[in-house]
Amino acid sequence: PGDVTVRRLAQGIGVSTEKIEEVLGSIGEEMQSIEDRVPMDAAELAAAEFGWAVSWAQSITGSGTKAEPRPAVVTVMGHVDHGKTTLLDSLRRTSVAASEAGGITQHIGAFEVKMPGSKRSLTFLDTPGHAAFKAMRARGAKVTDLVVLVVAADDGVMPQTKEAYSQARECGCPLVVAISKCDLPQANVEKAKQQLVAAEVELEEYGGNVQVVQISAKTGAGLLELEEALILQADVLELSALRDGTAEAVVVEAHLDKGLGPVATIIVKGGTLHVGDSVVVGTLWGKIRTMKDSTGTPINSVLPGQPAEICGLRGVPQAGDALLAVCNEDRAKRVSDARAARKMAPMLQVPHMNGVLSGCGET
Ligand code: GTP
Ligand code: MG
């Protein structure tokens, strides 16, 4: 995924294909034809030769015949204390109980839930989904497919509700509203809905396309309905990605663990990430030493749409950093050096094969 042909790369950079082939040859990538696909890391090194940095942020969705369905990535947003974490906890608990995988062993920033009704998977961004979402948007990474806007029935629309809504709208993500805490005696669903309408959220029952689900994370009421709404939206998006080839992922959160060193939670956008892969993340590099799924179970590979916690990076990346698997450690070092050297360079946007290659102008 993300690979680009010699011809398109040359076009994007604005040099001849011969020049591109020459540079690629010098880093050990022999091309047979200008329609040959250049691996992403090699394309990045070639672009760097001509003074371009490369943004792979747009390359994240595969398409075409070989693309396979992937789980939707759902970010839960809403005002403080409106019940985001409790909702996620109850979704996760139900799911863990349903799959009999045992107890919840650890908390990571993103987790995959096999939905109890449809048995389909969704990947949720846990709190601080809001902050991560912002950071990722600021870094040009689009990781979220859907947004759940949580509004507490006893509190109604608050400032952060509006902020979350405008963020979701800006990124063009379909939205489902979950009116939470409906079990409370002081719950006032109608009032919350009126406030949503006043905040220009286009609710379905008022002729818009935003579905509203009434839930209680405490009693479990409405959770299946929420699941159905999310699966419905995910189906409309027909999310798919290529599983073959070099993995691309996005960092959701990262920290330094005393024992393990840098630990990052990532979501794979395309390809399959394996233990042992050499990777570049921002201007850092590393080699994946271990990976865990969201229940804390060690895993060897991660597919598109799935989250994982990874160890083996040489530093702590930032939320929103793009991770790219490369062919070996040497290449990883070279690409991260090239990125560091080109930090201020103009960005060459290189979307996936079916997209358009476009530069943002030479300086
Ligand atoms: P922040 O992460 O601080 O923004 O809050 P949050 O949106 O994650 O809210 P959280 O899930 O922590 O819930 C806040 C409080 O509301 C907690 O005391 C929860 O127990 C309570 N709460 C959440 N959901 C429900 C619900 O469905 N019913 C009732 N009665 N209480 C709830
Ligand atoms: Mg929370």
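The values are calculated or read from the model by the stated rules, or taken from the named source; none is laboratory data. Model, not experiment: these values are computed from the prediction. Heads up, the Cβs are rebuilt from the backbone with ideal geometry, glycines too, and the neighbour counts pull from every protein chain shown.
Miscellaneous remarks
- Residue selected from region 55-83 under the condition within 16 Å of ligand 2 (Cβ to nearest atom) and surrounded by fewer than 17 Cβ atoms within 10 Å (Cβ to Cβ), by the criterion modelled with the highest pLDDT: Asp81
- Comparison of Ile310, Ile299, Ile231 shows that the only residue that is surrounded by fewer than 22 Cβ atoms within 10 Å (Cβ to Cβ) and without any contact (Cβ under 8 Å) to a residue 60 or more places away in the chain is Ile299.
- Screening Gly259 against (1) over 11 Å from Val316 (Cα atoms); (2) small (Gly, Ala, Ser); (3) within 17 Å of the chain's Cα centre (by Cα) leaves a single unmet condition, (3).
- Condition check for Val326: in contact with a helix residue (DSSP H, G or I) (Cβ under 9 Å, 6 or more places away or on another chain) and at pLDDT 90 or above: no
- Residue list for region 148-201, restricted to those being aliphatic (A, V, I, L, M) and free of Cβ contacts under 8 Å to residues at least 12 places away in the same chain: Val197
Yes/no per residue for (1) among the aliphatic types (A, V, I, L, M); (2) within 14 Å of Val150 (Cβ to Cβ); (3) in contact with a strand residue (DSSP E or B) (Cβ under 6 Å, 6 or more places away or on another chain):
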| residue | (1), (2), (3) |
| --- | --- |
| Glu190 | no, no, no |
| Val201 | yes, yes, yes |
| Tyr206 | no, no, no |
| Val210 | yes, yes, yes |
| Gln214 | no, yes, yes |
| Lys218 | no, yes, no |
| Gly222 | no, yes, yes |
| Leu226 | yes, yes, yes |
| Ala229 | yes, yes, yes |
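- Some residue of region 84-93 being of a type in the set (A, V, I, L, M, F, W, C), within 16 Å of ligand 1 (Cβ to nearest atom), part of a strand (DSSP E or B) and at pLDDT 75 or above: no
- Any chance Cys360 is over 26 Å from Leu239 (Cα atoms), modelled with pLDDT under 80 and hydrophobic (A, V, I, L, M, F, W, C): yes
- Within region 257-296, the set of residues being surrounded by fewer than 21 Cβ atoms within 10 Å (Cβ to Cβ), farther than 15 Å from Ala247 by Cα and not polar (S, T, N, Q) comprises Asp257, Lys258, Gly259, Leu260, Gly261, Pro262, Val263, Arg289, Lys292, Asp293, Gly296.
- If the condition is being in a strand (DSSP E or B) and small (Gly, Ala, Ser), then region 294-330 contributes Ser301, Ala308, Gly312, Ala322, Ala325.
- Qualifying residue in region 96-113 (condition: modelled with pLDDT of 90 or more, among the aliphatic types (A, V, I, L, M) and touching a helix residue (DSSP H, G or I) at 6+ places or on another chain (Cβ under 9 Å)): no
- Scanning region 156-175 for residues that are surrounded by fewer than 22 Cβ atoms within 10 Å (Cβ to Cβ) and either of a type in the set (Lys, Arg) or within 12 Å of ligand 1 (Cβ to nearest atom) (or both) yields Met158, Gln160, Lys162, Arg169.
- Checking each residue in region 229-280 for being touching a Leu at 6+ places or on another chain (Cβ under 9 Å) and on the phi > 0 side of the Ramachandran plot picks out Gly261, Gly271.
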